[in-house]
């Protein structure tokens, strides 16, 4: 990997999702492709949920952050549906960061339509209950831990069906 | 046949005509359902429902936006204008989906009917799933990918309304009666969605 590519990736690991502070767009698996043509950069990203209202902010934040690299003249950011995002794209670092933020990461194994177990991000108990599949953002649910008596959130599992 | 880009689609007049017609139907149906849903904001039966319903509505509006974007790429005009500035007679959504939530308006004395909403959204989401499964095999690749993406999210919407209709139909006499009346109505009027 070129030094420039490494630098860009390092920057992307610092750009947080506006609705998930402390979790970077890189660790959420939203960066699909980075093209570097001398001093011009094109980043292709995949949106998490289609109706996510944060996309414009993410585009702005990524562009701004990458353009701060002294050698970069211009950075274009495009969203593509060519590569559907699924919760499997979240990195291990991303999963740990989500937990720190009080959000349980999505399950590793999940079949659409089937029940799934959510572990409390605070005490790791599986004695939890789903209070509302829908939470403060499209990608999150609201749960309650019967063990440590804390409310918490979880990322909804989203995987391809066809 | 696989059509990969808007430019390719535009080469064939019959194809582009059929494609834009389908896209307008998909876009306008999602748009009007999300519009009627948005009118419940703050008025849903309880706060958890308000969170859930507004999330579903926001996401459904996002789906409409994706279709309008595909239309924009095909040269039909700006997505925002397609969504907001077309006249009633140009809209391709089903009339049943337009039906007002109840009497009054959002701001003045809203007397909305939850039974209508539960039945309408349940019917719509069942239909949307079937339609999306078909569209997921579309020859127009940009549409195929959008449909596959929406299907991944829509499963939560359908599950939500399925839960509501199941609970209400097994609830009090009043709930049963009101749900049943709206089902009879939907049975008569929903055909428009398939047209």
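Where a ≥ b ≥ c are the square roots of the eigenvalues of the C-alpha gyration tensor, would you call the protein assembly as shown rounded, which needs a/c under 1.5, or, failing that, prolate if a/b is larger than b/c, or oblate? Oblate shape, in that a/c is at least 1.5 and b/c is the bigger or equal ratio. A Cα-only calculation for segment B:1-60 places Rg and Dmax at 17.6, 52 Å. Taking chain A as the reference, fit the longest principal axis to its C-alpha atoms, fit the long axis of helix A:55-67 to the helix C-alpha atoms, and give the angle between the two in degrees, 0 to 90, nearest 10. The answer is roughly 40 degrees. Over all distinct Cα-Cα pairs of segment B:104-176, the Kirkwood formula returns a hydrodynamic radius of 14.2 Å. Looking only at segment B:148-186, which residues have a backbone nitrogen under 20 Å from a spot 7 Å from the Cα of residue A:32 in the C-beta direction? Label zone hits: B:148-154. Annotation for segment A:121-145 versus segment B:136-195: alpha-carbon center distance of 25 Å.
Any idea what the relative contact order of chain A is, in percent, if you count C-alpha pairs under 8 Å spaced at least 6 apart? List each step's numbers first, then the result.
Values: 276 pairs, mean separation 30.1, N = 162.
This gives 19 percent for chain A.
Using a Gaussian network model of chain B in which every pair of alpha carbons under 10 angstrom is joined by a spring, one finds that among B:159, B:64, B:115 the greatest mean-square fluctuation is at B:159. Dividing the mean sequence gap of close Cα pairs (under 8 Å, 6+ apart) by how many residues segment A:28-120 holds gives a relative contact order of 27 percent. Take the Cα of residue B:47, step 7 Å toward its Cβ, do the same at residue B:141, and the gap between the two points is 4.9 nm. Across peptide A:77-86, the mean count of Cβ atoms from other chains lying within 10 Å of each residue's own Cβ comes to 3.
Treating each Cα of segment B:39-99 as an identical point scatterer and ignoring solvent, apply the Debye formula and state log10 I(q)/I(0) at q = 0.14, 0.19, 0.22, 0.24 Å⁻¹. Each listed q maps to, in turn, -0.54, -0.84, -0.97, -1.03. What separates the Cα centres of segment B:74-90 and segment A:26-90 is a distance of 28 Å.
Annotation: extensible slack from residue B:12 through residue B:84 equals 23.1 nm (criterion: 0.36 nm per residue apart, minus Cα-Cα distance).
What ranking, highest mean first, results for peptides B:51-60, A:114-123 when packing means the other Cβ atoms within 10 Å averaged over each residue?
Put in order of decreasing packing, that is B:51-60, A:114-123.
Within segment A:3-79, the percentage of alpha carbon pairs spaced more than 17 angstrom apart rounds to 36%.
Over every pair of different alpha-carbon atoms in chain A, take the mean of 1/r and invert it; report that Kirkwood radius in Å. Kirkwood radius, chain A: 16.8 Å.
For chain B, averaging the sequence separation of C-alpha pairs within contact (under 8 Å, six or more residues apart) and dividing by the residue count gives a relative contact order of 23 percent. Legend: mean number of C-beta atoms from other chains within 10 angstrom of residue C-beta atoms, peptide B:55-61, equals 5. When the alpha-carbon atoms of chain B are used, the pair Rg, Dmax equals 17.6, 58 angstrom.
In terms of its C-alpha gyration tensor, segment A:96-155 has a rounded overall shape, because the principal axis ratio a/c (a ≥ b ≥ c, square roots of the eigenvalues) stays below 1.5.
Helix A:3-12 and the long axis of chain A differ in direction by around 40°, with both axes built from C-alpha atoms.
Each value in this text was obtained by applying a stated rule to the coordinates, not by laboratory testing. Here the structure is a predicted model, which is why all the values come from computation and not from measurement. Glycine also receives a Cβ, built like all others from the backbone with ideal geometry; neighbour counts cover every protein chain displayed.
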